[in-house]
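For reference, the structure discussed in these notes is given below.
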Amino acid sequence: MTKVIDHIAQALEKKKTAFSFEILPPLKGQNIDTIFSNIDPLMEFKPPFIDVTYHREEYIYKERPDGLLEKKVVRKRPGTVGICAAIQNKYSVDAVPHVLCGGFTKEDTENFLIDMDFLGIENVMALRGDAVKSETYFKPNKNGNMYAQDLVEQIMDLNDGKYLDEDLLNSSKTDFCVGVAGYPEKHLEAPSLESDIHFLKKKLEAGACYVVTQMFFDNQKYFDFVAKCRAAGITKPIIPGLKPLSTRKQLNMIPQRFSVDVPDALVMEVVKSKDAAAVRQVGIEWCIQQSKELKEAGVPVLHYYSMGKSDNIQAIAKAVF
């Protein structure tokens, strides 16, 4: 298998933008065919790698027979490890599992990474993750990593053969290529874009190889972000992440949940749409224009957030690649 950073280098050398995408694990109770049916239509565009998200635990409260409430941990979308192995086995394409700080102790993280290493998976995306829905602010697990930078450092320790158990003898080194997230309009918790870029640089200095951005709907936001990153001394690749708008509800949900602006022109096109199908088509056409401009600018990879559905991504890829 190949490192993502090498896929990026190959795309730059060939001066040909590569296509990649991210998938969600299916809800618990669904089988792997749910994933394959969404990946299959996209394989004609020869993605060099596919990201697989990891959804952290949620808490629910169930009433016990004595009337008291019992807190229960639930994982609605398990399967990241198995899906990554299945993707590499079925498609011979590099799978990139997301590794989170939230919901994991450092020992959990180490064990997760050991499993990845045993499966021959050499690429990971290191993310802090969101707060659980019942909490306003992110809280790490006891003995867990607080920040994505801490997670990158733990992965780099494994690459150096340093495990949490310092008494291990003749420990094997891993060889992970690590990606991290960047936010063209700043992370919703960051006080400023400049401070966000400062901490992005720290993640890269800790050992991360490349950046994939949060979604954006105005390409100028991406171009300005890259320019500010370069001015701050960041030299590693910054891959644009794109998500086609697909429902009217997202006009309100995306700005609120992700702190991402939706341009007025896109808003007006959605507002004028007569039905859900028309809204989805507006999102596809807007993303096609974004993609063409970014491709023309020479980005090495265009990375799409599929959110479990591939029909709109397929329509975009047909027009762009």
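The values are calculated or read from the model by the stated rules, or taken from the named source; none is laboratory data. Because the structure is predicted, anything quoted here is derived from the model rather than measured. Here Cβ is always computed from backbone atoms with ideal geometry, including for glycine, and neighbour counts include all displayed protein chains. Areas reflect the complete protein model, heavy atoms only, side chains present, ligands, DNA and RNA absent. Shrake-Rupley method; radii C 1.70, N 1.55, O 1.52, S 1.80 Å.
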Segments classed as helices (runs of 4 or more DSSP H), wholly inside the stretch 262-321, with at least 3 members that are of a type in the set (A, V, I, L, M, F, W, C) and under 17 Å from E44 (Cβ atoms): 311-320
Test: K221 is surrounded by 13 or more Cβ atoms within 10 Å (Cβ to Cβ) and either in contact with a Lys or Arg (Cβ under 8 Å, 6 or more places away or on another chain) or closer than 18 Å to I5 by Cβ (or both): no
Selection count where residues are of a type outside the set (A, V, I, L, M, F, W, C) and within 22 Å of I87 (Cβ to Cβ), scope the stretch 111-170: 7
Which numbered condition S20 misses (of (1) open to solvent by 20 Å² or more (accessible area, probe 1.4 Å); (2) modelled with pLDDT of 95 or more; (3) small (G, A, S)): (1)
Which listed residue is open to solvent by 50 Å² or more (accessible area, probe 1.4 Å), closer than 30 Å to A9 by Cβ and either charged (D, E, K, R) or free of Cβ contacts under 8 Å to residues at least 60 places away in the same chain (or both), from Q281, Q256, Q289: Q289
Among (1) at pLDDT 95 or above; (2) on the phi > 0 side of the Ramachandran plot, the one test that N170 misses: (1)
Conditions (1) over 18 Å from the mean Cα position of the chain (by Cα); (2) surrounded by 14 or more Cβ atoms within 10 Å (Cβ to Cβ); (3) of a type in the set (K, R); (4) modelled with pLDDT under 70; number of the one not met by K71: (2)
Every residue from the stretch 9-23 that is of a type in the set (G, A, S) and within 14 Å of P240 (Cβ to Cβ): A11, A18, S20
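This table checks each residue for (1) loosely packed, with under 14 Cβ neighbours inside 10 Å; (2) within 20 Å of A9 (Cα to Cα); (3) under 19 Å from the mean Cα position of the chain (by Cα).
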{"site": "L193", "(1), (2), (3)": "no, no, no"}
{"site": "I197", "(1), (2), (3)": "no, no, yes"}
{"site": "Y210", "(1), (2), (3)": "no, yes, yes"}
{"site": "F217", "(1), (2), (3)": "no, no, yes"}
{"site": "F225", "(1), (2), (3)": "no, no, yes"}
{"site": "A231", "(1), (2), (3)": "yes, no, no"}
Among residues of the stretch 124-182, those that are open to solvent by less than 30 Å² (accessible area, probe 1.4 Å), closer than 15 Å to K202 by Cβ and of a type in the set (F, W, Y), counted: 0
